[in-house]
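Enquirer: I have a structure I would like to understand better, so I am pasting it below and will then ask my questions one at a time.
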Amino acid sequence: MQRIIIADVSCLILLDKINKLDLLKILFHTITITPEVASEFKNSLPVWIEFRNVGDKTLQLFIEKFVDKGEASAIALAKELRNSLLIIDRFKRKNICAKKPNSNNRHSRYNYRSKTCGHYSSNANTNANQRDKL
């Protein structure tokens, strides 16, 4: 199964500034972004970038407490899609991972942090070990 590559706007902006946006196509062939990321980019996008909406808007709204709409939508989309890889600014990701959501929220700390912090392994034991390192 081919991985779904999801990009945040910071990646697109930085590569566009140095005229190397095509590196994403060379590396991944297709990139998926949300409409929120596209609106933050503000430039025209190449045809090999696909758009996909977030299904779980509740999760997206929750994540928006910590980051802007584009990043929240990219994180929420990566969380809900199996076999996805999220390209996001490491500094921002580190700050998101440091946040501890309210335990009363239906998005528990583990569920919120798991994919956001880079736990993409399908092995449950590996995920538990990685989670314990946080």
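Bear in mind that the values in this text are calculations on the coordinates, not laboratory data. For clarity, every value in this text was computed on a predicted model and none was experimentally measured. Reconstructed Cβ throughout: ideal geometry from the backbone, glycine too, with neighbour counts over all protein chains shown.
Enquirer: Please work out how much length the chain gains when fully extended from residue 14 to residue 53, using 0.36 nm per residue of separation minus the C-alpha to C-alpha distance, in nm with one decimal. Kindly include the intermediate steps, with their values, before the conclusion.
Expert: On the way: separation 39, 0.36 × 39 = 14.04 nm, distance 2.31 nm.
Separation in residues times 0.36 nm, less the Cα-Cα distance, equals 11.7 nm.
Enquirer: While we're looking at this one, here's another question. What are the residues whose amide H is under 5 Å from the amide H of residue 34, where those residues sit 5 or more places off or on another chain and H is modelled from the backbone?
Expert: The answer is 52.
Enquirer: The stretch 1-83: which trypsin sites (Lys or Arg not before Pro) are DSSP loop and have at most 16 other beta-carbon atoms within 10 angstrom?
Expert: Working: sites: 3, 17, 20, 25, 42, 52, 57, 65, 69, 79, 82; in loops: 3, 20, 42, 52, 65, 82.
Those that pass, being in a loop and sparsely packed, are 3, 20, 42, 52, 65, 82.
Enquirer: Counting other beta carbons within 10 Å of each Cβ, put 88, 63 in order, fewest first. The partial results should precede the final answer.
Expert: Values: 88 21, 63 25.
So the ranking, lowest neighbour count to highest, is 88, 63.
Enquirer: Once R0 is set to 25 Å, what does the formula 1/(1 + (r/R0)^6) return for the Cβ-Cβ distance between residue 80 and residue 29, expressed as a FRET efficiency to the nearest 0.05?
Expert: On the way: r = 22 Å, r/R0 = 0.87.
After rounding to 0.05, the efficiency reads 0.70.
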